[in-house]
Amino acid sequence: MLIKQAERIKSSEITPKEVYMNRRALMGAGAAAAVGAMLSPMSASAATLSFAKSRAPAPAPITPKEYATGYNNFYEFGFGKEDPANNAQGLTTKPWSVVVDGLVDKPGTYGLEDIVPNALEERIYRLRCVEAWSMVIPWVGFQLSDLLNRVGPQSGAKFVAFETLVRPDEMPGQRGLFQSIDWPYREGLRLDEAMHPLTILANGMYGEELPNQNGAPLRLVVPWKYGFKSIKSIVRITLTDKQPPNTWNMLLPKEYGFYSNVNPKVDHPRWSQATEQVVGGGLFAKRQDTLMFNGYADEVAGLYAGMDLVKNY
Ligand SMILES: Nc1nc2c(c(=O)[nH]1)N[C@H]1C(S)=C(S)[C@@H](COP(=O)(O)O)O[C@H]1N2
Ligand SMILES: [Mo]
């Protein structure tokens, strides 16, 4: 695994710490509304989001922003870790709409402004990639349950399926003759996982609008599951009675399951999942132990009571 080295990051990519801290202090002082109602199609690119402080447990330290925005997986923009930051800048994210369909009372094509509520929250979550690296990211967003409750899941709905944009002209990873991935990138959750209060849709991070390489303008974040469950740049959300297909399971079913809960005791067939490399922790940072459900066992273990987590990997 390659870790981006500090000297290779342009200083222009880095938000000076005082600016970031001042902005946070401003928010804390209740000035959030004055900072602006962001994310409207008209908002400036450097918009700041307004949000409430998280009450969720905050793991520390937060990954430096230049790593979280410079070392990414977003295969629509290429397989390399720096490809998304290099290739996603031209993605059109405004306007943006999301199709909500399937077993819901209020299906439709919703503009992003109708999906994102006025009240946003900051959630500082661990992100554990199945490739055994991790970060700690301050997301800005809202509970997926908030949206699902607004559209009204019908009684037969048991799963939620998600799809990413397909746009080969702006997504170079979707071009070319030899495509192993059957686009769109797809993911899914059981309805109770989707309704869990830790499951969010994020439209920002580090107090700002979500960068394209991190899944702008709207991505899922499910902190107790491997990172690939947290699907980016969502254009479709479908309530269904059947377990939906998910991209990595379609590609390599023996290696990647539907559940993909972080589990240090269930190794990937080709590597151990017992430990992880902290990205941005310094070149000589020791690997740290991976925690069951990525440290969120108190909150989510109950969802899997009685399930065999070796079979349901
Ligand atoms: N559409 C889409 N979503 C995706 C991916 C992808 O390739 N395409 N990669 C996943 C993987 S493997 C990880 S680890 C996370 C990385 O999120 P980040 O780049 O914001 O850290 O996004 C996930 N969501
Ligand atoms: Mo990942």
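Figures for the structure shown
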{"read-out": "Candidate set from segment 109-138 (those that are within 16 Å of ligand 2 (Cβ to nearest atom) and among the hydrophobic types (A, V, I, L, M, F, W, C)); member that is surrounded by the most Cβ atoms within 10 Å (Cβ to Cβ)", "value": "Ile137"}
{"read-out": "Some residue of segment 79-96 being more than 16 Å from ligand 2 (Cβ to nearest atom), touching a residue at least 60 places away in the same chain (Cβ under 8 Å) and in contact with a strand residue (DSSP E or B) (Cβ under 8 Å, 6 or more places away or on another chain)", "value": "yes"}
{"read-out": "Residue check, Phe159 away from ligand 2 (no atom under 16 Å from the Cβ) and closer than 28 Å to Met292 by Cα", "value": "yes"}
{"read-out": "Any hit, segment 222-230, residues being surrounded by 22 or more Cβ atoms within 10 Å (Cβ to Cβ) and either polar (S, T, N, Q) or over 26 Å from Trp139 (Cβ atoms) (or both)", "value": "yes"}
{"read-out": "Among the residues listed as Glu276, Glu255, the single one being within 13 Å of ligand 1 (Cβ to nearest atom), in contact with a Ser or Thr (Cβ under 6 Å, 6 or more places away or on another chain), among the acidic types (Asp, Glu) and within 26 Å of Gly78 (Cβ to Cβ)", "value": "Glu276"}
{"read-out": "Qualifying positions in segment 271-305 - modelled with pLDDT of 95 or more and more than 25 Å from Glu255 (Cβ to Cβ)", "value": "Asp298, Glu299, Gly302, Ala305"}
{"read-out": "Where a residue in segment 249-277 is closer than 14 Å to Glu187 by Cβ and free of Cβ contacts under 8 Å to residues at least 12 places away in the same chain and its partner, wherever it lies, is surrounded by 13 or more Cβ atoms within 10 Å (Cβ to Cβ) and not β-branched (Val, Ile, Thr), with Cβ under 8 Å and at least six apart", "value": "Asn249/Tyr256; Asn249/Gly257; Asn249/Phe258"}
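The values are calculated or read from the model by the stated rules, or taken from the named source; none is laboratory data. Small disclaimer: the values here were computed from a predicted structure and weren't measured. Note that we place each Cβ from the backbone using ideal geometry, even for glycine, and neighbour counts take in every protein chain shown.
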